[in-house]
Structure formats: structure tokens, C-alpha cells
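The values are calculated or read from the model by the stated rules, or taken from the named source; none is laboratory data. A quick note: this is a predicted structure, and the numbers were derived from the prediction, not measured. So basically every Cβ, Gly included, is an ideal-geometry build from the backbone, and we count neighbours across all protein chains shown. What goes into the accessible areas is simple: the full protein's heavy atoms, side chains included, and nothing from ligands, DNA or RNA. Shrake-Rupley method; radii C 1.70, N 1.55, O 1.52, S 1.80 Å.
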Amino acid sequence: MNLINLATPGVQGLHPYQPGKPLEELAREYGIHDAIKLASNENPLGPSPQVQDALRQHFDTETLTRYPDGGGFALKQTLAQHHDIEPGCITLGNGSNDVLDLVARAFTTSAHSIVYSQHAFVVYMLATQSIGARSIVTPAKNWGHDLDAMLAAIEADTRVVFIANPNNPTGTWADKTTLKNFLEQVREDVIVVVDEAYFQYAATRTEYPDCAVWLSEHPNLVVTRTFSKAYGLASLRIGYALSHPDVADLLNRVRQPFNANSLALIAAEAALGDQAHVQRGVALNEAGMQRLNDAFDEIGCNYIPSVGNFVTVDVGDANNIYDALLRQGVIVRPVGGYELPNHLRVTIGLPEENERFIETLNAVLSKS
Ligand SMILES: *Cc1c(COP(=O)(O)O)cnc(C)c1O
């Protein structure tokens, strides 16, 4: 019996998510022990020291033994204050990817379609296809989302639109006017998810929108945030959605009962309390981004201007360059799966990591 054929057509067509190569894997496969990883958009500063203090305080048998608070009461209170919103508007997730999946599961079946853009974050495709819903993918404009095209692409059976602002892996973004116009025009029975995973980095631009302020005007809006990027907590898996309370109620019905674990809840709360740490990371990112952009200009590589903590650069034969960098202990991310076969995505690292990347890229390119 062919077990693969037993799966739903959507699942049969899926390929597993390709994560950035872990440092341990490079050590195992290539014997390289001093590698740097600029492949998964993690914060090179790590989390606030206050997070480690909070975790140490709660790292006891009781916390590890008991199920977490399934309602996430304390973190929701803190988030409610942070966003000036009711706790009933918040849905916690095992990372924000979990929340994206919950939206797809709560609102779509194989009879529905979901709209997202070419080059968009791959989890939108994964969520759509694992349900068996139909993907409507609109062509990118200047590497970014074309919101007019996305609006026009919505069909009668469309229930969800995914917008990454900014998008990963392109770092492109929509400004306040463009996004608000979209929300004004979109049918109100279409759930619009604005994925703000890189909010803190993009918010350095005055025209970058904090979409949560529009929730009361647009009950079909869902805004997602994560602790994986600027807060430096990727390993603990914690993110959330802000939405109308009825949408939160629906997401809560499909959520796994204990999707946010106790240590993640504790860490996220402590992380929110140290905004100065977040801002140090943002400033470091700004300087590193400038350094990398300047280096690309000097080398003569085109890059896609990014407001995230990563930049995607055209290096030509990306697979070979990726491999050559890997052998020198520099892990970046190939993005061929995003229809960007000539590009590599590089996370902004610590200054010394950025320098090692630039030096190695220079050496690799001059040999190729
Ligand atoms: C990294 C990222 C996320 C966050 O994923 P988590 O599950 O919260 O770790 C969400 N959306 C985009 C576009 C991202 O790049």
C-alpha cells in the first residue's frame, strides 16, 4: 500500500519547512566549530537579562511538572497593557506561526481560498495547503506585496488574506496609507491577517503602520506579533494575535489547550518589561544593515532594501555561493524556494559577525 497516496492532495503536494542550518549540524557534517549563523533572523543580542532572571526564578520542579496556565492570564494582562487593548482580544500561540495556522483552520476548508503574495513568508502556503484550501498567489511588485493586485484577486470563496508587513524574505513593507486603503476596500467577510513579526525593526520608519490601532474600525483584521525576533526568544516558541474578541473566541476553539508553555509565558512577560533592551537591538540592527548595504554596493551586488533584521542579496549562483560560505563557517539562507534563485538572505548579526560575513563573501565571490 502506498501510504503517501493516503494523505490529502494538499498534504501530498507539501514539502517540509526548510529551517536555517543549525550550528550543531555544521559541526557534525563539516567539522566546523567556529561557525556563525546568520540564517534565521534571530536577535544577535539574545533576550533581555531580565528574561534569564525570571526563568531562573521559576525554573523549578513545580513549574516543570504542572501544565501551563492554558489561558495565559498573566501574559495577556501584560500584553493588554502594552497594546492598550482588552485581554479578550489576545490569542497566544506556540510561536506566531501557530496563530497563522489557527486562522486558516478556523476560517477555511477545501471549499475556500486564501490570498497571499509571490515571495511571501512560506508559512501562508503551508497553512493553506495543509487544510486543502486553494492558494491565490498574486505577482510581487518591486519584490513586495502588490496590495491592489491582492484586493483584485479576492474571489467569492476567499476567507483569508495574509499580508507580511514587512515580508520575509524580501524585507519589503506597506505604509500606513496603502494598508489602510486596503482595509477600507476589502470585503468585510474576508479575514485580513497582518503579520508584524518584525514590527520593532520596521517601526523606525514613521510611515510604518501599527495596525493594532485599527482593530476597532476593522473587525475582520487580525494582527500577529512574535517574541522570536526582536525579543530574542525564538527557541521558546511564543507569539500572539490581536483581533476582535469574537475572532479570538474562534481561534481559542481550535487552539491546542496548552499551546503556550510555562517558561515561554514567563519569559515573554519579562521580555515585554525591558523595552530598552529591544531598542538596543534595533539600534544595532540599523547600524549593521547600513554596513551590509554599503558592502553590497561596494562589491556590486544588488539587494532588496529591507526594514527587517535581514537583507536579501543577489549573488548570482546562490546555491554555490551558499555552499562555499557554509564551508567557511558562515551560515546564511538560500531562498530559491521563494522564487529567488539568485538571492541569499542574511540576518544582521553582531558587528564582528557582519564583518566575517562580508570578508567571506568577498573571498568566495572573487573565486567564483
Ligand atoms: C519569523 C517570522 C514569524 C515568526 O515565527 P514564530 O513562529 O513566531 O517564531 C512570523 N512571520 C514571519 C514573516 C516571520 O519571518
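Assign one of three labels to the stretch 291-368, namely rounded, prolate or oblate, based on the Cα gyration tensor with a ≥ b ≥ c the square roots of its eigenvalues; rounded applies when a/c is under 1.5, prolate when it is not and a/b is larger than b/c, and oblate otherwise.
Note, shape of the stretch 291-368 comes out rounded.
To make sure I understand the rule: partners must be lysines, Cα under 21 Å from the Cα of Lys21, and not fewer than 8 residues away in the same chain. Which ones qualify?
Cross-link targets: Lys37, Lys229.
Indicate the gyration tensor shape class of the chain (rounded, prolate or oblate), computed on the Cα atoms with a ≥ b ≥ c the square roots of the eigenvalues: a/c under 1.5 is rounded; otherwise a/b larger than b/c is prolate and the rest oblate. Could the numbers behind the result be given before it?
On the way: a/c = 1.44, a/b = 1.19, b/c = 1.21.
Rounded, since a/c falls under 1.5.
Using the Cα centre as the reference, give the magnitude of the dipole from point charges on the C-beta atoms of the chain (Lys, Arg: +1; Asp, Glu: -1; all else neutral), rounded to the nearest 20 debye.
600 debye
Counting only protein heavy atoms, what percent of the accessible surface of the stretch 1-50 is carbon or sulfur at a 1.4 Å probe?
Working: 1940 of 3340 Å².
Roughly 58 percent of what the probe reaches on the stretch 1-50 is carbon or sulfur.
Add +1 for every Lys or Arg and -1 for every Asp or Glu among the other residues with Cβ under 14 Å from the Cβ of Asn43, and state the total. Spell out each step's value before the answer.
Values: positive: Lys37, Lys229, Arg280; negative: Glu42, Asp274, Glu286, Glu353.
Result for the local shell: -1.
Explain nothing, just the number: dipole magnitude of the stretch 22-86 about its Cα centre with +1 on each Lys and Arg Cβ and -1 on each Asp and Glu Cβ, in debye rounded to the nearest 20.
Working: 5 positive and 11 negative charges, 9 e Å.
That gives the stretch 22-86 a dipole magnitude of about 40 debye.
Which order do the peptides 303-316, 229-242 take when ranked by the mean count of other beta-carbon atoms within 10 Å per residue, highest first? Don't jump to the answer; show the numbers that get you there.
Numbers: 303-316: 22.4, 229-242: 24.1.
Descending mean neighbour count gives 229-242, 303-316.
So, with a 1.4 angstrom probe, what is the percent of accessible area on the stretch 272-361 that is carbon and sulfur?
Numbers: 1640 of 3620 Å².
Carbon-and-sulfur percentage of accessible area, whole number: 45.
Could you work out the relative contact order of the chain, using alpha carbon pairs under 8 angstrom and six or more residues apart, expressed as a whole percent? Spell out each step's value before the answer.
Values: 684 pairs, mean separation 87.9, N = 368.
For the chain, the relative contact order is 24 percent.
Between the stretch 1-69 and the stretch 287-335, what is the separation of their alpha carbon centroids in Å?
Comparing the Cα centres of the stretch 1-69 and the stretch 287-335, I get a distance of 23 Å.
Could you pull out every one of the aspartates and glutamates with an alpha carbon less than 18 Å from that of Lys180, ignoring same-chain neighbours closer than 8 positions?
Those aspartates and glutamates meeting the cut-off are Asp146, Asp148, Glu188, Asp189, Asp195, Glu196, Glu207, Asp210, Glu217.
Over the stretch 1-126, calculate the relative contact order: mean separation of alpha carbon pairs under 8 Å at least 6 apart, over the residue count, as a percent. Please list the in-between numbers first.
Values: 32 pairs, mean separation 18.6, N = 126.
Across the stretch 1-126, relative contact order equals 15 percent.
Could you sort the peptides 56-66, 32-42, 147-157 by per-residue average Cβ neighbour count (10 Å cutoff), highest mean leading? The partial results should precede the final answer.
On the way: 56-66: 10.5, 32-42: 18.5, 147-157: 15.4.
Top to bottom by mean Cβ count within 10 Å: 32-42, 147-157, 56-66.
With unit charges on the beta carbon (Lys/Arg positive, Asp/Glu negative), name the residue among Ala54, Gln12, Gly88 whose Cα is farthest towards the positive pole of the charge dipole of the stretch 1-101.
Gln12
Using a 1.4 Å probe on the protein chains only, how many percent of the accessible area of the stretch 78-144 belongs to carbon and sulfur?
Values: 1230 of 2580 Å².
That share works out to 48 percent.
Using amide H atoms built 1.01 Å from N in the peptide plane, name the residues 5+ places from Asp195, or on other chains, whose amide H lies under 5 Å from its own.
Ile163, Ala164, Asn165, Thr224
Pulled fully out, how much extra length does the chain show between Asn142 and Asn181, if you take 0.36 nm times their separation in residues and subtract their Cα-Cα distance?
12.1 nm
Per residue, how much accessible area does the chain show when a 1.4 Å probe rolls over the protein heavy atoms, in square angstrom? Kindly include the intermediate steps, with their values, before the conclusion.
Details: 16600 Å² over 368 residues.
Each residue of the chain exposes 45 Å² on average to a 1.4 Å probe.
May I ask you to order 93-103, 211-221, 3-13, 337-347 by the average number of other C-beta atoms within 10 Å around their residues, highest value first?
Values: 93-103: 24.0, 211-221: 17.4, 3-13: 10.9, 337-347: 21.5.
Descending packing order for the listed peptides: 93-103, 337-347, 211-221, 3-13.
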